[in-house]
Amino acid sequence: MTPKHYSPASSPAWLALQTAANNAKNINMAELFVAHPQRADQFSLHVGELYLDFSKNLFDDSIWTELLALAEQSPLQSHRAAMFAGEAINTTENRAVLHAALRAEPEDANTEEEGKRIAQVKSQLQAVKQASTKIRNGQWLGSSGKPITDVVNIGIGGSDLGPKLACAALEEYAHPDINLHFISNVDGAEILTTLNKLNPETTLVAVASKTFTTQETLLNAKTAINWFKHNLGLEQPQNSSHFVALTANPANAMDYGIPKEQILEFAEWVGGRYSLWSSIGLSIAISIGFDQFEQMLAGARDMDLHFQQAPFASNMPVILALLGIWYSNFLNIESTAVIPYCERMLLLPSYLQQLDMESNGKATSLSGDPIDHNTGAILWGQTGTNGQHAFFQLLHQGTRTVPVDFIAAIKDDLSNDEHHRVLLGNMLAQSSALMAGQPAPEGQQHRYYPGNKPSNTLLLKRLSPKNFGALIALYEHKVFVQGSIWNINSFDQWGVELGKKMANELLGENAQTTGFDPSTQALFAHIAKNS
Ligand code: F6P
């Protein structure tokens, strides 16, 4: 079935799942484990050093069969093949979606064209290798001849979140003498307070922007340029060794004054929120070294191969996607939480918010029609155990059901046995308590835990670059599977355009507010009067 003629809601499996959902209040997970003692084994799987237990979810065998049928009855297989083959599946922008090519090896190529593409990627990554190695070795010198000690990545959205998350998550591998800083918000206090703590002689700015047109990034870059001018007396700091550009638009970066040899390019077919694998990942390579950066790519590639080759029933991204669809479309659950039990993964929920909500927050089908079913869920989260002392109250006793992805590393060389045992013990206790619940003691309804709350548990053997790469690719493909079944374009982001355009109207010289609503006009006037 081509996407044009497909609507998930008219597939037989969708109708069967609707019927099953009407009886879903009878599903009791604890009872399912008693009836099927092998359930934990049946609904768990390994991919490399990642282990997923999805047995604590609100489904029985027949629902699982129908969810798999839903995937089979959708264009998922052909859509997946089209993505990996480089067809223009981003239809509204007429672009291929090839972030997987950024981690592919020459032997993955099925055609001459794919082989050429992989060679092009390898040569662009070679530039990342050269720059990062020179910086790490102290051979990249500032304008006064001193080695770089601080790298400031200026970028936003996908040009910030992936590198920032990876550098934090992989701190164990970080260069001891080079500090990474990430500036994203146009809030001047962020960049000014950061720069004021740095020595301009030993600071390198990486302007990371796929388009090199993003308002926030260009204003922050301008502020950085002025900071260098003021402190080092350079006339054109962007033309010095203190600046590099990471972009798919080298012409704009050159217009900005950044020398060609300091522009690290990547291809237009890399979506912004899928770009940490490209030269946008320069800061990651600087932090952990290019060999470890390659390990991150290798882990993602392992997940790509698994996603392409494993049958749906044992395909980790497909499994996570189908569970999300079951909750969103059939049990009318609005949100999902991601709780890493690892402080270094604090930024994972923010990263996944862009990946998931910018990709699947859509209401138009691939054939251009309004969608009549739910699409992307609201994703949120925080680390455990911190979340336990904040919002877990609602998870256990609130009126809503929020499926949780618990994520942890089994071993952590930065921690010690005692801490890590307590950390993992807490995570296991939470997922078990959410499912088991507890009856209220006589007359103490406030102590009632309803239980039967679903969760996945995803264990990484350790938080290595390879396993981190596999984890991120797992969620990328989960988002892809959901978009394919929902029949939406997961690769554009038109939703952000209107606000950008209206901000420009308010910011232009002699800004006119006449076209704006009365509330906004009054707020504008209030700010003008009080500033
Ligand atoms: O406005 C959304 C967005 O286009 C994201 O998709 C992207 O990651 C971000 O802006 C930054 O874009 P750029 O890398 O082109 O500066």
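The values are calculated or read from the model by the stated rules, or taken from the named source; none is laboratory data. Since the model is a prediction, treat every value here as computed from it, not as a measurement. Neighbour counts are summed over all protein chains in view; Cβ atoms, including those assigned to glycine, are modelled from backbone coordinates with ideal geometry. Only protein heavy atoms, including side chains, enter the accessible area calculation; ligands, DNA and RNA are left aside. Shrake-Rupley method; radii C 1.70, N 1.55, O 1.52, S 1.80 Å.
Across region 357-372, no residue has a backbone nitrogen under 12 Å from the label position 7 Å along the beta-carbon direction of Leu394. Solvent exposure of region 99-293, expressed per residue, is 40 Å² of accessible area, with all protein chains present and a 1.4 angstrom probe. Which residue, chosen from Phe391, Pro450, Ala169, occupies the Cα position most advanced towards the positive end of the dipole of the chain, where the dipole is computed from +1 (Lys, Arg) and -1 (Asp, Glu) charges on Cβ about the Cα centre? Projecting each Cα onto the dipole axis, the largest value belongs to Phe391. A simple spin-label model places pseudo-atoms 7 Å from Cα toward Cβ; at His46 and Thr133 they are separated by 3.5 nm. Close amide H partners of Gly381, meaning residues 5 or more places away or on another chain with modelled amide H under 5 Å apart, are Val338.
Here the chain exposes an accessible surface that is 51 percent carbon and sulfur, computed with a 1.4 Å probe and the other protein chains kept in place. Exceedance of the 19 Å cut-off in Cα-Cα distance is limited, within the set Lys116/Lys164; Lys129/Lys229; Lys129/Lys466; Lys260/Lys501; Lys164/Lys466; Lys56/Lys461, to Lys116/Lys164; Lys129/Lys229; Lys260/Lys501; Lys56/Lys461. Shape class of region 134-286 from the alpha-carbon gyration tensor: rounded, with the ratio a/c of largest to smallest axis under 1.5. Backbone geometry of region 71-76 corresponds, through the Karplus equation with coefficients 6.51, -1.76 and 1.60 at θ = phi - 60°, to 3J(HN,Hα) couplings of 5, 5, 7, 9, x, 3 Hz, x marking Gly and Pro. Note on the chain: semi-axes of the ellipsoid equivalent to its C-alpha gyration tensor, largest first and rounded to whole Å, are 40, 26, 26. Packing-based ranking of 227-235, 83-91 yields 83-91, 227-235, ordered from highest to lowest mean Cβ neighbour count within 10 Å.
For the peptides 206-214, 434-442, the ranking by packing is 206-214, 434-442, with the highest mean count of neighbouring Cβ atoms within 10 Å listed first. The calculated FRET efficiency for Val496 paired with Glu442, based on their beta-carbon distance and R0 = 41 Å, is about 0.15. For region 202-213, putting each phi into the Karplus relation 6.51 cos²θ - 1.76 cosθ + 1.60 with θ = phi - 60° gives couplings of 10, 10, 10, 9, 9, 8, 9, 7, 4, 8, 6, 10 Hz, in residue order, rounded to whole numbers and with x for Gly and Pro. For the chain, take the longest principal axis of its alpha carbons; what is the angle in degrees between that and the long axis of helix 290-309, to the nearest 10 within 0 to 90? So the helix axis and the longest Cα principal axis differ by about 40 degrees. For the set Leu68, Leu52, solvent exposure ranked by accessible area (probe 1.4 Å, protein chains only) runs largest to smallest as Leu68, Leu52. Here region 343-496 is assigned +1 on the Cβ of each Lys and Arg and -1 on the Cβ of each Asp and Glu. Its dipole about the Cα centre then comes out at about 320 debye.
The stretch between Ser78 and Lys229, if pulled fully straight at 0.36 nm per residue, gains 49.0 nm over its current Cα-Cα span. Against the chain, whose longest principal axis is taken from its Cα atoms, helix 497-507 shows a tilt of about 40°.
The distance separating the Cα centre of region 445-471 from that of region 105-167 comes to 32 Å. Taken one residue at a time, the phi angles of region 108-119 give Karplus couplings (6.51, -1.76, 1.60, θ = phi - 60°) of 7, 6, 9, 9, 4, 4, 5, x, 5, 5, 5, 5 Hz. Gly and Pro are set to x. Here Ser241 and Ala298 are evaluated by their C-beta separation; at R0 = 30 Å the FRET efficiency comes out at 0.45.
In this structure the amide hydrogen of Lys453, modeled in the peptide plane, comes within under 5 Å of the amide hydrogens of Met435, none closer than 5 places in sequence on its chain. Amide H contacts of Ile263: Ala245, each under 5 Å away and 5 or more positions distant or on a separate chain (H built 1.01 Å from N in the peptide plane; Pro and chain starts excluded). Put simply, when 459-466, 102-109 are sorted by average Cβ atoms within 10 angstrom per residue, most first, you get 459-466, 102-109.
For Gln215 and Gln38, a Förster radius of 45 Å and the Cβ-Cβ distance give a FRET efficiency of 0.20, rounded to the nearest 0.05.
Placing +1 on the Cβ of every Lys and Arg and -1 on the Cβ of every Asp and Glu, with no other charges, gives the chain a dipole of roughly 520 debye about its Cα centre.
Residue order by solvent-accessible surface for Thr514, Thr364 is Thr514, Thr364, largest first, with ligands and nucleic acids left out and a 1.4 Å probe.
Compared with the alpha-carbon gap, the fully stretched path from His5 to Ala30 is longer by 4.9 nm at 0.36 nm per residue. Taking 0.36 nm per residue of separation and subtracting the current Cα-Cα distance, fully stretching the chain between Ile410 and Ser123 would add 99.7 nm. The order of Arg136, Arg344 by accessible area, most exposed first and with a 1.4 Å probe, is Arg136, Arg344.
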